[in-house]
């Protein structure tokens with residue numbers, strides 16, 4: 001008669017059973033993660049970094065329609081200025097002489113009108129002569145007004161508080177007409193342009209808080225979302241949002257870039 005086999009597991013068998021059970025539990029958790037099941041705390045809020053750039057709200061490229069020599073260059077690149085400050089001045093002596101000549105022509109035309117009016121009364125002239133004299137007076141007056149308006153460009157003054165970004169003018173040069181002489185921008189009136197996934201637009205409403213870490217300064221600045229752009233890039237599925245600093249930092253300049261950290265409810 002054969003002896004009965006023992007039903008008790010050996011230590012080696014118990015160890016193999018434990019390994020199999022642990023592997024099954026691990027596979028269950030991995031499968032759940034792949035299926036999109038994540039811990040609730042992680043799904044509620046996620047801080048995502050998005051790249052952005054500081055832009056000026058006021059930027060202007062200034063030029064002149066005067067063919068005149070530059071007399072004064074009052075600023076240099078990097079100089080800051082206040083509104084209405086003198087930036088450039090031209091030598092407009094020739095243009096002022098032309099204005100005086102036009103004023104004399106206008107006076108001559110006025111005299112011609114009055115003379116012809118008197119001749120009509122005495123029967124020595126007709127109404128056509130008066131009409132022609134009046135037309136010449138109107139033409140001279142218009143030419144004088146055009147020249148006077150043009151002379152307002154003899155000085156280029158700052159339209160707002162800002163800084164000189166680029167200067168393409170030197171004293172004693174003849175300024176090319178309608179060519180940019182200065183590029184200026186505002187320093188205090190700035191905003192942040194940030195590129196984010198388009199799927200986040202419904203969550204990034206006006207007033208959403210963020211922190212903007214600027215590369216050049218190594219500092220973080222609090223800001224708020226102002227608005228979003230009116231279009232989405234269909235290729236990258238991204239969109240632009242715009243934010244403003246809580247208080248404009250003096251060391252931050254237009255063109256500086258950085259990373260926006262935004263607390264987005266529900267994650268990406």
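Checking residue 239 against (1) assigned to a strand (DSSP E or B); (2) under 18 Å from residue 53 (Cα atoms); (3) out of contact with any helix residue (DSSP H, G or I) (no Cβ under 6 Å at 6 or more places or on another chain), which test does it fail?
Every listed condition holds for residue 239 apart from (3).
What are the residues in region 175-185 that are surrounded by fewer than 18 Cβ atoms within 10 Å (Cβ to Cβ) and either free of Cβ contacts under 8 Å to residues at least 60 places away in the same chain or in a loop (DSSP other than H, G, I, E, B) (or both), if any?
176, 177, 178, 179, 180 - these are the residues of region 175-185 that are surrounded by fewer than 18 Cβ atoms within 10 Å (Cβ to Cβ) and either free of Cβ contacts under 8 Å to residues at least 60 places away in the same chain or in a loop (DSSP other than H, G, I, E, B) (or both).
Please list, ordered by first then second residue, the pairs with beta carbon atoms under 8 Å, 6 or more apart or interchain, first in region 230-242 and closer than 19 Å to residue 191 by Cα, second surrounded by fewer than 10 Cβ atoms within 10 Å (Cβ to Cβ).
239/231
Which of (1) in contact with a strand residue (DSSP E or B) (Cβ under 6 Å, 6 or more places away or on another chain); (2) in a loop (DSSP other than H, G, I, E, B); (3) without any contact (Cβ under 8 Å) to a residue 24 or more places away in the chain is the odd one out, the single condition residue 204 does not satisfy?
(3)
Would you mention how many residues in region 201-219 are surrounded by 15 or more Cβ atoms within 10 Å (Cβ to Cβ) and within 15 Å of residue 259 (Cβ to Cβ)?
Residues meeting the conditions: 5.
On the basis of being in contact with a strand residue (DSSP E or B) (Cβ under 6 Å, 6 or more places away or on another chain) and either closer than 24 Å to residue 243 by Cα or not assigned by TED's automatic domain parsing to the domain that holds residue 63 (or both), does residue 192 make the cut?
yes
Name the residue, out of 93, 40, that is within 30 Å of residue 168 (Cα to Cα) and either modelled with pLDDT of 90 or more or surrounded by fewer than 10 Cβ atoms within 10 Å (Cβ to Cβ) (or both).
None of the others qualify; the one that does is 93.
The values are calculated or read from the model by the stated rules, or taken from the named source; none is laboratory data. None of these values were measured; they are calculated from a predicted model. In this analysis, Cβ positions are derived from the backbone assuming ideal geometry, glycine residues included, and neighbour counts consider all displayed protein chains.
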